[in-house]
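Participant: Input: one structure, supplied below.
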Amino acid sequence: MLKAAYMAGCAFTKSYVGYVHAVAHTLGGKYNTPHGLANSVILPVVLKEYGKAVHKKLYKLAILTNVADKNDSYSVAANKFIDKIINLNNEMSIPSGFDFIMKEDINMMSEFAYKEANPLYPVPKLWSREKIKELINTENEKPILLVPDQFSFENERAMLGLLGAKDMQK
């Protein structure tokens with residue numbers, strides 16, 4: 001088990017998931033969002049936002065997983081890989097966002113994620129607090145996380161049901 005934990009740590013260090021993981025921690029701490037669920041929702045969005053900085057590595061993963069052809073460009077293969085993640089999420093009924101994040105929590109969430117990701121995780125691009133905030137701000141064209149006018153646990157409760165968890169008390 002110790003060796004597996006070590007190997008997982010090495011994989012995280014090399015995989016550029018710093019902002020994914022940091023925002024997922026914030027969601028878990030503030031809203032009790034299951035960690036794996038939060039990571040699954042955030043991962044494809046962050047990989048797209050990294051852009052060219054991750055295309056070569058995603059190209060390699062796309063080839064290894066038979067998602068892309070060796071003749072594809074780095075960009076094409078990377079986008080095929082990200083699309084595959086999105087398709088897998090859809091197949092497993094993983095949502096593309098959350099509807100329970102309160103607008104007044106966005107600044108705090110982006111600050112916590114910024115402080116965790118920038119000094120602790122290797123990332124292909126350093127982002128500002130504002131960039132992190134863009135990912136969760138509903139005023140953007142394609143926000144990662146959906147913020148309702150009123151607080152609701154209905155979508156999370158439904159997702160937990162899909163995952164086989166017992167219903168949370170209201």
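Participant: What percent do you get for the relative contact order of region 12-74 when only Cα pairs under 8 Å and 6+ apart count? Mind showing how you got there, number by number?
Facilitator: Details: 31 pairs, mean separation 14.1, N = 63.
Relative CO of region 12-74 lands at 22 percent.
Participant: For a quick protection proxy, order the peptides 94-102, 21-29 by their average other-Cβ count within 10 Å, most packed first.
Facilitator: Working: 94-102: 18.4, 21-29: 21.7.
Highest mean packing first, the order is 21-29, 94-102.
Participant: Show me the three semi-axes of the equivalent ellipsoid for region 1-122, from the C-alpha gyration tensor (sqrt of 5 times each eigenvalue), largest first, rounded to whole Å.
Facilitator: Values: eigenvalues 133, 62, 42 Å².
Semi-axes from the Cα gyration tensor: 26, 18, 15 Å.
Participant: Please sort 110-116, 124-130 by packing, taking for each peptide the average over its residues of neighbouring beta carbons within 10 angstrom, highest first.
Facilitator: Most protected by this proxy first, the peptides run 110-116, 124-130.
Participant: How large a share of the accessible area of region 1-122, in percent, is made up of carbon and sulfur atoms when the probe is 1.4 Å and the other protein chains stay in place?
Facilitator: Carbon and sulfur: 60 percent of the exposed surface of region 1-122.
Participant: Follow-up. How far is it, in nm, from the label point at Leu126 to the one at Lys52 when both lie 7 Å from their Cα along the line to the Cβ?
Facilitator: About 2.0 nm, to one decimal.
Participant: Keeping every protein chain present and rolling a 1.4 Å probe, give me the accessible area per residue for region 40-124 in Å².
Facilitator: Numbers: 4670 Å² over 85 residues.
On a per-residue basis, 55 Å².
Participant: May I pose another question? For Tyr50, Tyr121, give the ranking by accessible area with the largest first, probe 1.4 Å. Walk me through the numbers before you get to the answer.
Facilitator: Details: Tyr50 0, Tyr121 60 Å².
Sorted by accessible area, descending: Tyr121, Tyr50.
The values are calculated or read from the model by the stated rules, or taken from the named source; none is laboratory data. Nothing here was measured: the structure is a model prediction, and the numbers come from that model. Every residue, glycine among them, receives a Cβ derived from its backbone with ideal geometry; neighbour counts consider all protein chains shown. Ligands, DNA and RNA are excluded from the accessible area calculation, which covers all protein heavy atoms including side chains. Shrake-Rupley method; radii C 1.70, N 1.55, O 1.52, S 1.80 Å.
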